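The values are calculated or read from the model by the stated rules, or taken from the named source; none is laboratory data. What you see is a predicted model, and the numbers here were worked out from it, not measured in a lab. Here Cβ is always computed from backbone atoms with ideal geometry, including for glycine, and neighbour counts include all displayed protein chains. SASA here: full protein model, heavy atoms, side chains in, ligands and nucleic acids out. Shrake-Rupley method; radii C 1.70, N 1.55, O 1.52, S 1.80 Å.
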Amino acid sequence: MNAVLPAVLITGVSSGIGHALADWYLNRGYRVYGLSRRQPDDLLAREHFHFASLDLNQFDAIAPTLGRLLTGEASLDLVILNAGILGQFDDLANTPMTDLQHTMDVNVWSNKVLLDQLFADGRNVRQVVAISSGAAVNGGRGWSGYSVSKAALNMLVMLYSREQPKTHFTSFAPGIVDTAMQEQLRSRTPDDRFPSVETLRSKQNTPDMPTPAVAAERLAGAMARLPDLVESGQFTDLRRLGELPG
């Protein structure tokens, strides 16, 4: 009798970290369930890849889409809440409420709706990793709604860890990865108010800013170790894992 393949659900699989992780897990025999607005065309023909198109800003669509995607799936080994948006990069005082609300909806509240549906269906979920950011704790000027949303995401994860003690939760900063978000930031006109953008420019094409494909193996390995290294509900940064015992 063949062993059941481990299963992972990943949001934001059309590009960047989510796409690279989906590819990494498929290459190692996982069943991968992917959600994103755009189709990852190169993954659709892969064996054991299951995809549904979903705009996470459309809360009412999350439950039925997730239900269809996971039909017959009684358990998930890993859920990676990766999808997110930068929002307007500017001083908070200059950022309109509409932009802040949209950023919070995608980066925080969509994950609440998704988690609620996963657990309402009675599915066994071994581990949840929410992709957070150092911006959640650094408070760098310009990160505005993105920082606020990732800080809120960290607390969301902590609260769910108290409500679902059988699941290990972590909010996890992956370090700097060369994604479309980084390109968006580097394309900005230089502005002395936002020194973090210059720091990002200086890291391009260096080991400090790997491509998603290069980063995926390190991220996947780290996520597998998180239940042994970090108390459920906590925030940690990939760059700090080497400092932790274990």
Pairs with Cβ under 9 Å, 6+ apart, first in the range 178-199 and aliphatic (A, V, I, L, M), second open to solvent by 80 Å² or more (accessible area, probe 1.4 Å) | V197/P190
Options D99, D90, D116; residue that is among the acidic types (D, E) and within 24 Å of R31 (Cα to Cα) = D116
Please tell me if E217 is part of a helix (DSSP H, G or I), in contact with a Phe, Trp or Tyr (Cβ under 7 Å, 6 or more places away or on another chain) and open to solvent by 60 Å² or more (accessible area, probe 1.4 Å).
-> yes
Residues (in contact with a helix residue (DSSP H, G or I) (Cβ under 7 Å, 6 or more places away or on another chain), part of a loop (DSSP other than H, G, I, E, B) and either of a type in the set (S, T, Y) or closer than 27 Å to M223 by Cα (or both)) located in the range 179-206 | T179, Q204
Any idea which of (1) surrounded by fewer than 12 Cβ atoms within 10 Å (Cβ to Cβ); (2) farther than 25 Å from G87 by Cβ; (3) of a type outside the set (A, V, I, L, M) is the one S187 doesn't satisfy?
-> (2)
Check the range 157-169 and report whether any residue there is of a type in the set (A, V, I, L, M), part of a helix (DSSP H, G or I) and buried (at least 19 other Cβ atoms within 10 Å of the Cβ).
-> yes
Options L66, L26; residue that is open to solvent by less than 50 Å² (accessible area, probe 1.4 Å), assigned to a helix (DSSP H, G or I) and farther than 23 Å from A120 by Cα = L26
Residue tally, condition at pLDDT 95 or above, within 19 Å of S36 (Cα to Cα), over 13 Å from the mean Cα position of the chain (by Cα) and surrounded by fewer than 21 Cβ atoms within 10 Å (Cβ to Cβ), over the range 69-111 = 6
Considering the range 120-151 alone, what residues qualify as being in a helix (DSSP H, G or I), surrounded by fewer than 16 Cβ atoms within 10 Å (Cβ to Cβ) and free of Cβ contacts under 8 Å to residues at least 60 places away in the same chain?
-> A120, N138
